[in-house]
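For reference, the structure is listed below as structure tokens.
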Amino acid sequence: MPAKILVSACLMGHAVRYDGQSKPLVHPAIDRWRAEGRLVTICPEMSAGMPVPRPPAEIAAGAVGKDVLAGRAKVVEVNGRDVTGDFVQAAENALRLARETGCRFALLIDGSPSCGSGFVYDGSFSGARHPGEGVTAALLSDNGIEVYSDRQIDGLVARIDALDER
Ligand code: SF4
């Protein structure tokens with residue numbers, strides 16, 4: 001069975017981001033994987049009932065997704081509202097879907113407090129960012145799913161192609 005990949009909905013062109021926009025990833029592998037039935041699309045935040053558009057949110061105080069999962073940090077909207085519970089629910093929904101559909105890999109957009117895997121913003125809403133995973137990416141990788149950011153798609157292509165050649 002071809003390896004399946006959980007994908008951020010905004011990368012697939014769905015207008016689900018906080019600002020009502022999408023951020024489509026243009027790459028020949030995307031069309032190929034779609035045709036091969038490998039892609040499982042989710043917006044974790046929408047799956048947890050968050051609306052579009054919605055206020056921007058960041059993991060507070062320079063923390064990262066694993067801190068949120070451990071109860072050591074919060075996710076807050078720019079208006080100060082605590083949305084930690086929604087973000088944890090979003091991550092759990094993504095993990096459940098990955099398990100139900102047999103996804104061993106995830107391709108997630110970087111920088112998001114949910115889907116970021118290389119960096120997240122630091123909670124100051126100033127544009128400052130630091131290395132770390134968002135809440136969904138952290139929960140997926142903690143559970144053995146290999147997470148790649150949109151910038152790492154060539155690495156994921158090489159990984160999948162190597163598996164197919166076995
Ligand atoms: Fe995109 Fe993930 Fe944010 Fe949804 S939660 S808009 S899929 S980055």
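Rule-based calculations on the coordinates, nothing more; no lab input. Source: prediction; values computed, not measured. Don't worry about glycine lacking a Cβ; one is built from the backbone with ideal geometry, like all the others, and counts go over all protein chains shown.
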- Task: Please name all residue pairs, on different chains or six or more residues apart, with Cβ atoms under 7 Å, provided the first residue is in segment 100-117 and is under 24 Å from V76 (Cα atoms) and the second residue is part of a loop (DSSP other than H, G, I, E, B) and more than 11 Å from the ligand (Cβ to nearest atom).
- Result: D110/G118; G116/E133; S117/E133
- So which residues in segment 14-37 are in a loop (DSSP other than H, G, I, E, B), under 30 Å from E165 (Cα atoms) and either near the ligand (Cβ under 9 Å from one of its atoms) or free of Cβ contacts under 8 Å to residues at least 60 places away in the same chain (or both), if there are any at all? P24, V26, E36, G37
- Note on the structure: Restricting segment 87-124 to residues that are more than 13 Å from the ligand (Cβ to nearest atom) and of a type in the set (S, T, Y), the one nearest to R38 (Cα to Cα) turns out to be T101
- Could you list all residues from segment 67-80 that are surrounded by 22 or more Cβ atoms within 10 Å (Cβ to Cβ) and within 22 Å of L6 (Cα to Cα)? V68
- Quickly run through segment 50-65 and pick out the residues that are more than 12 Å from the ligand (Cβ to nearest atom) and either more than 17 Å from F125 (Cα to Cα) or exposed (fewer than 14 other Cβ atoms within 10 Å of the Cβ) (or both). A61
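When you look at V26, is it hydrophobic (A, V, I, L, M, F, W, C) and surrounded by 14 or more Cβ atoms within 10 Å (Cβ to Cβ), yes or no?
Working: hydrophobic (A, V, I, L, M, F, W, C): yes; surrounded by 14 or more Cβ atoms within 10 Å (Cβ to Cβ): no.
No; evaluated as a whole, the condition is false for this residue.
Can you tell me how many residues in segment 114-131 are over 15 Å from A63 (Cβ atoms) and hydrophobic (A, V, I, L, M, F, W, C)? Write out each step before concluding.
Within segment 114-131, the subset over 15 Å from A63 (Cβ atoms) is 115, 117-118, 126-127.
Add one more test, that the residue is hydrophobic (A, V, I, L, M, F, W, C), and what stays is 115.
Total meeting the criteria: 1.
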- For segment 38-53, what are the residues that are assigned to a loop (DSSP other than H, G, I, E, B) and under 19 Å from L163 (Cα atoms)? R38
- Message: For the list (1) closer than 25 Å to L139 by Cβ; (2) part of a loop (DSSP other than H, G, I, E, B); (3) within 12 Å of the ligand (Cβ to nearest atom), I need the number of the one condition that L11 fails.
- Response: (2)
- Of those in segment 38-49 that are among the aliphatic types (A, V, I, L, M) and near the ligand (Cβ under 8 Å from one of its atoms), the residue surrounded by the most Cβ atoms within 10 Å (Cβ to Cβ) is I42
